[in-house]
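Report on the following structure.
The values are calculated or read from the model by the stated rules, or taken from the named source; none is laboratory data. Worth saying up front: this structure is predicted, and the values here are computed from it rather than measured. Cβ placement follows ideal geometry from the backbone for every residue including glycine, while neighbour counts extend to all protein chains displayed. To get the accessible areas, we keep the full protein, side chains included, count just its heavy atoms, and leave off ligands, DNA and RNA. Shrake-Rupley method; radii C 1.70, N 1.55, O 1.52, S 1.80 Å.
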Amino acid sequence: MTDIAPSDSIPTRPSTQPTTEPRVPPGQEAEAEPGHPMPGERRHEHLRNYPPVSDWDHHVEYDAKAHPRKVPHSYMLIPTTCFNCESACGLLAYVDKEDLSIKKLEGNPAHPGSRGRNCAKGPATVNQIDDPERILHPLKRVGERGAGQWEQVTWDEALDDIGGRIRRAILEDRHNEVMYHVGRPGEDGFAERFLAAWGVDGHNSHTNVCSSGARLGMTLWGGYDRPSPDHANAKVILLLSSHLETGHYFNPHAQRIMEGKQAGAKLVVVDPRMSNTASHADLWLAPWPGSEAAILLAIASHLLRTRQIDRDYLRRWFNWKVYLAELHPEAPVTFEAFLDRLEADYAGYTPEFAAEEAQVPVERITALSELVAQCDHRLSAHVWRSACAGNEGGWQVARSLWFVLALTGSIGTPGGTSPNGWDKFIPHGPGMPGAHERWNELTWPREYPLSTNEMSILLPHFLADERAKLDVYFSRVFNPVWTFPDGFSWMRALSDETKVGCHVALTPTWSETAEFADYVLPMGHAPERHDTHSYETHAGRWLGFRQPVRRVAMEKLGQAVGDTRDANPGEVWEENEFWFELSWRIDPDGSLGIRQYFESPYRPGEKVTVDEYYRWIFENRVPGLPAKAEAEGLTPLEYMRRYGAVEVGESIYRQDERHVPDDDLVGAEPDPAGSETEGVLRTPTTDESAPPLIGEAGAIGVRHDDGTETAGWLTPSRKLEVYSTSMRDWGWPEHATPGYIRSHVAQREIDLDAGDLVLVPTFRLPTLIHTRSGNAKYLNEISNSHPLWLNSVDARRHGVVTGDLVRLSTAIGYFVVRVWVTEGIRPSVCALSHHMGRWRLHDAEGSRWVSGLVDITHPDGPESFLLRYRGGVKPFTSDDPDSERIWWTDPGVHQNLAFGVQPDPWSGMHCWLQKVRMEKARPNDRYGDVWVDTARSREVYREWLAKTRRTTGPGGMRRPEFLMRPIKPTRGTFRVEP
Amino acid sequence: MRYGFAIDQRTCIGCHACTVACKTEHEVPVGQFRTWVKYVDQGTFPSNTRDFGVMRCNHCTDAPCVRICPTKALFTREDGIVDFDRDRCIGCKSCMQGCPYDAIYIDDDTHTAAKCNFCAHRVDEGLEPACVVVCPTHSIWVGDLSDPNSGIARLVADNPVQVRAPEQGTGPNVFYLGSDRAVLDPVSAPAQGGYIYSTPDPHRAEVAADMPLDPVTQARTTLDTAHPRPWGWRVTTYLWTKALGAGAMLLATLAQLFGIPLGGIGMIVAPALGVAGIAITGALLVWDLKRPERFYYILTKPNPTSWLFWGSVVLGVGAALFGIWLLMGIAVVAGLVAPATMSPWFTGLAIPAFLAAAMVTGYTGFLFNQAEGRDLWQSPLLFWHLVVQAFGVGGGGLLVAALFGDVDETALALLAGALTLGIAVHVVMLVFEYLGQHETRQASTAAHLVTHGRYATTFWFGGIGLAVVAAVLGAIGWAGVLVVGAIGGLLAQAALLFYESVFVRAGQDVPLS
């Protein structure tokens, strides 16, 4: 592939001195600084952005507050990884050598994704470390669940109790009663390891309040479930939603979007809201929510009609023969016939149709189509949540977007969009356990065979239906009572000991969910724990290493460290060591076959340490790392402790065309010509075979018509499936091709005159992240109010002005908010940011920086819930004088409580957009009130469940084997018992 | 060497990373900011826009804060960085008035002035400021503007750039690329209608309510930080105490020079008012310091360019001269010295005391003129206006004293005439000042607040109406009805207090960021 890199001489923007330029005169290389050039190193003439690596063990910096007096402090600079969103940007902790305190956190210039830069949430990590309200000791509930009565226990007591319960569950064949429910994973591979070792199908995630829609739409094309746009080299950047200031992966992407834009790329933003991203758009479309697929299909139709398409790419990679066979069996089996039929099939998606659906001027649709048509294989695009996560059928938005990417030949090209799997790298630890043989129907129910991923929003309803119960339930960096829809149902489920035997909350801070736990076990913040992770931030591949920086500093200073608790505040621990220890307690003598996976690869039979675990990975599973380390005289582990990240690949494009290694091809046979999967190269498999995370067991590549053999995609056909046989086979033949499904909040559903509006409850601010930034004072002082965005047209119709209280009624209840009249949102749509509305039931159990004390009562019978603030955010006394300086008062409105579950019948995605009816607040309404009838929420659950088609696929398969599924069981386990 | 910033708003995404990196670098207290991001929304859907502006100290080539700082706590380094030393700061807040950019605050921990100092402690080690390091989109450039080959110099040379408040003539060294006018000019974008994810402080919101929206752009500030008024009732009050004391001494010295017998009023009451006025002024000044225990730094670490320093000198000299006058008066009244013996001494002291009195009341005009951030205070007539006010309230004050003494007609004419004419001229000056043209939009906006906005009632009824009544009563007193004149004298005091409270507040009300 030709690398189409942007011009490096942009006349309007002089580049700073390139980092690769020698910093010493020629001939004096011997004096060059040790280490390697780092991607984030930069200079503005004689000012550099970071001290040289050679100084990182001993960096003297003058006290900022004593300045201009020169008061030196000695620091160790230890890299770690931010945990405040999914981006996993590098951080560099300044650990004071005097008292081992963490003075501040800057970015890590060695990190290939973030390149030494951060958003506001990175440096704010120090607030979380110093938060006077953090939980420092393991706590055990002593009163009723939720009553706020706790006693401090030892880690040993907690481990014995929890380990004993899990052991009993395993011995009694109740594996499915053990569940690990994770919000932000912040790591790759570790949870899979311990769950697989325990043999439980207990992984549950936050995915279906987040990205299930986008995942399904993308997965159906190629198996991979995320985009990896190469923004920096793009000609057209097409963003659905606010990826410049909040999205996955905000800081790494913002850098590259702006680089692309500076190099001449056009930025198109599709968002009903004027986001910061939209403010930078060359073309902003603010469509009626849910109409995005219609817009994208109009682009596709334009491309097909004008034949501005990449024929060669489509001929080679679309499963067009299946398309013809299924939809146009009468047509000749030629590619030209396929194009003609495809054009005809999408001819109905005219600009006028899209404009009508989207309620935007037709000229904008046309302008967008023409812009995309000229992208020259360099269309970088991103959709992750937004429209895909908002609408019933939202997954078709991502699917339509990939249709456009394919038609323009922009998949995997420089400046185009790759699938995430090409730019992500997950190394596993020693002796990875094999596939298990359990199927947990609480997370993978029959009604949702195509769900991506676990049906986590339905857990409380499934428990209420008595489909199953849970014995040990871990919630980890996970706050469903707040973050998920229908929080009162979660509260009911978590309060019921017959449904959830033991709830263990692994969390650094109090949350609405931790309040309903039996154990609250404090785990470290970003610089207090180990993890590895890798994300598709650009057309490269890297592995990041999070580490407890104080522990690393102590070890470098020669101080003995038993485990990370010795370095963390109080008794705060880290999960990895916790899981090692817990697994040993589950299987102390090794008889269950679990312990072996937590033994040292270097000291047989002994418990593995975190050092050994990561040492083994870095020595054995990271290509190139041992050599890079050796070049600097370091061991691989020392290298990662020094730099915190390593680049595993750069300029990665067109991996579909990569050759399958000859060794892998031994014994592989292609599927027969004429079959739907013709040419797919497979090695022999059995029912005991373990399918990969994505893809089918045994499938390794595809033989093309021209005889070439390449890796291809991860779908059953190893092609891009313009016709999805999986959709057909699991009950939805009418959606076997990209299409447009009218949303549950489409125009026709909304009666404006009756007071209806569409509510966007999900948009994020650049400074906050879900419920985890409440303990960061420097973020709260910037973002601390929660107004309802309302266009002036709607405000006039409703007779309200900024500051007025209104009541928004949903299908299951209502809430009371304050109006902000703005032009920053399209008419007929209102929006309330996702972050605020934090509350606590008991004064010291919840962040007082951000939450209000509430009462939860049942004013209209036991099924009714009313949450009402007793007070707002107020100053409080603590070790930090800043807590007395809190000037903001608004805790916000916990809108999610009033949303019933609305699982998309295909992807399982919770459809976040709400049809609401707005009225002026009633006399007894108070700001922040949330009222819900949980009987109604049960009805809504049943209404949406009824939209599904409970089915199995060919051979009684519960779901397509290739679809991504954490902790995939053996192939045989996919089959429903006869 | 001239360090500066170039902020590229074409690529800034309004993410606040710079804000937080700065806060963690300097451990800035909650509620205070050395750099921050402002949002401005404009237009009507779908033709609406949002723009960002990164606000901070401009490291001015001709920095008003450095000039006005009485103790050199703020200083310009060789490399152009405007730096500060908290160990020298007395917390007088004059720098906050001098700065046309709202860049300075009084740190809640140290109670001393603070602002962006370019991370000078990092620059000294060859490191970029924290905000530059963190910025995701590399929108903040740093470097030597005097080196034409530096990246920043080329960026500024090759692109259209803007600076904030160029009309202030401070020579800002923060250059903006691709910034919207309404972001850089706070008068163009009032904080009307609330913020996007915070709330305007009540003061900002109240002021914004009196500011007109641009009819074309409809620009509104939709996110910003709070900048409380640095000076309040103490400054208002000392403007009056100084005027009263100095005015009394102006009249006593004039009477002495023109041979108008004021008796005890001239020898005792006037100097006592003068001394008390200065003493109370001094007390209020020290009380208003955020580090009052450091008040003497003004004299031990003086900055000769600061009118706060010279004001202190003036107050000291005035107190000394008025004190001597008072002692001489006491000596005469107590019969220790014969009046005739003392008379040449009074006459000899009269001219220096007269000048001192004029300066005691009037130096504040020069100080306020040095407050470059407050356009309302920039009137070149401010010195004279303060002198005129002093005559008015000094005459009024002494008229009240005359009720209890024995004054002849010429003395009554002097005092009542001073009251009448002083207050009348004051009113005329106000009318011209507030209803006339203003040189800057900031000044006209402040004047609008006074005449038509939140202060209109206080201004028209208290500041003008009461003054007119006082002048009329003064005229009746002049005609011989002492009691009426004395009542006018009392009202004049209230009228001046009303007006000064408006003048001091309105001057600081218009947002600078």
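Side notes on the structure shown:
- Of B:54, B:40, B:28, B:82, all but one fail to be free of Cβ contacts under 8 Å to residues at least 60 places away in the same chain and buried (at least 22 other Cβ atoms within 10 Å of the Cβ); the exception is B:82.
- Qualifying residue in the stretch A:706-721 (condition: farther than 28 Å from residue A:334 by Cβ, in contact with a Leu (Cβ under 8 Å, 6 or more places away or on another chain) and either open to solvent by less than 50 Å² (accessible area, probe 1.4 Å) or in a strand (DSSP E or B) (or both)): no
- Flag if residue A:884 is in contact (Cβ under 8 Å) with a residue 40 or more places away in the chain and of a type outside the set (A, V, I, L, M): no
- Residue ID - farthest from the other protein chains (Cβ to nearest Cβ), chosen from residues in the stretch A:34-61 that are outside any loop (DSSP other than H, G, I, E, B) and either hydrophobic (A, V, I, L, M, F, W, C) or under 17 Å from residue B:81 (Cα atoms) (or both): A:53
So that you can scan it fast, the table gives a plain yes or no per residue for (1) assigned to a loop (DSSP other than H, G, I, E, B); (2) among the basic types (Lys, Arg); (3) within 13 Å of another protein chain (Cβ to nearest Cβ):
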| site | (1), (2), (3) |
| --- | --- |
| A:766 | yes, no, yes |
| A:770 | yes, no, no |
| A:774 | yes, no, no |
| A:779 | no, no, yes |
| A:793 | no, no, yes |
| A:800 | yes, no, yes |
| A:815 | no, no, no |
| A:818 | no, yes, yes |
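- Taking the criterion of being surrounded by fewer than 24 Cβ atoms within 10 Å (Cβ to Cβ) and either part of a loop (DSSP other than H, G, I, E, B) or more than 7 Å from every other protein chain (Cβ to nearest Cβ) (or both), the residues of the stretch B:138-149 that qualify are B:138, B:145, B:146, B:147, B:148, B:149.
- Qualifying position, being open to solvent by 20 Å² or more (accessible area, probe 1.4 Å), of a type outside the set (Phe, Trp, Tyr), farther than 17 Å from residue A:135 by Cβ and out of contact with any helix residue (DSSP H, G or I) (no Cβ under 7 Å at 6 or more places or on another chain), among A:565, A:492, A:550, A:541: A:550
- Test: residue B:150 is over 29 Å from residue A:62 (Cα atoms) and touching a Gly at 6+ places or on another chain (Cβ under 8 Å): no
- Among the residues listed as A:878, A:847, A:851, A:864, the single one being of a type in the set (S, T, N, Q) and farther than 29 Å from residue A:937 by Cβ: A:878
- Number of positions in the stretch A:802-813 that are open to solvent by less than 40 Å² (accessible area, probe 1.4 Å) and either in a strand (DSSP E or B) or under 14 Å from residue A:924 (Cα atoms) (or both): 5
- Strands (runs of 3 or more DSSP E) lying entirely in the stretch A:77-141 (those with 2 or more residues that are closer than 14 Å to residue A:50 by Cα and facing another protein chain (nearest Cβ under 9 Å)): A:102-107
- Within the stretch B:476-498, the set of residues being farther than 19 Å from residue B:408 by Cα and of a type in the set (Gly, Ala, Ser) comprises B:492, B:494, B:495.
- On inspection, residue A:890 qualifies as within 14 Å of chain B (Cβ to nearest Cβ), assigned to a loop (DSSP other than H, G, I, E, B) and modelled with pLDDT of 95 or more.
Per-residue answers, yes or no, for (1) assigned to a loop (DSSP other than H, G, I, E, B); (2) more than 29 Å from residue A:94 (Cα to Cα); (3) within 11 Å of chain A (Cβ to nearest Cβ):
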| residue | (1), (2), (3) |
| --- | --- |
| B:96 | no, yes, no |
| B:109 | yes, no, yes |
| B:116 | yes, no, no |
| B:122 | no, no, yes |
| B:136 | yes, no, yes |
| B:155 | no, yes, yes |
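- Every pair of residues 6+ apart whose Cβ atoms lie under 8 Å, when the first sits in the stretch A:264-293 and is within 13 Å of chain B (Cβ to nearest Cβ) while the second is assigned to a strand (DSSP E or B) and among the acidic types (Asp, Glu): A:274/B:41; A:279/B:51
- Residues being part of a loop (DSSP other than H, G, I, E, B), open to solvent by 30 Å² or more (accessible area, probe 1.4 Å) and more than 13 Å from chain B (Cβ to nearest Cβ) - total across the stretch A:867-887: 4
- Among the residues of the stretch A:213-251, those that are away from chain B (no Cβ under 14 Å) and of a type in the set (Phe, Trp, Tyr) comprise A:221, A:224.
- Contacts under 7 angstrom Cβ, first residue in the stretch A:247-261 being more than 15 Å from residue A:278 (Cβ to Cβ), partner part of a helix (DSSP H, G or I) and open to solvent by 10 Å² or more (accessible area, probe 1.4 Å), 6 or more apart: A:256/A:232; A:259/A:232; A:260/A:232; A:260/A:233
- Scanning the stretch B:290-309 for residues that are touching a Phe, Trp or Tyr at 6+ places or on another chain (Cβ under 8 Å) and either buried (at least 19 other Cβ atoms within 10 Å of the Cβ) or on the phi > 0 side of the Ramachandran plot (or both) returns B:298, B:303, B:307.
- Complete set of residues in the stretch B:226-244 that are among the basic types (Lys, Arg) and assigned to a helix (DSSP H, G or I): B:234, B:242
- Against the list (1) crowded, with 24+ Cβ neighbours inside 10 Å; (2) farther than 30 Å from residue A:646 by Cβ, the condition residue A:107 fails is (2).
- Here B:41, B:62, B:51, B:85 are screened, and the one residue that is under 26 Å from the mean Cα position of the chain (by Cα) and within 13 Å of another protein chain (Cβ to nearest Cβ) is B:85.
- Taken across the stretch A:855-866, residues that are within 14 Å of chain B (Cβ to nearest Cβ), open to solvent by 10 Å² or more (accessible area, probe 1.4 Å) and on the phi < 0 side of the Ramachandran plot do not occur at all.
- Test: residue in the stretch A:852-860 that is of a type in the set (Ser, Thr, Tyr) and touching a residue at least 60 places away in the same chain (Cβ under 8 Å): no
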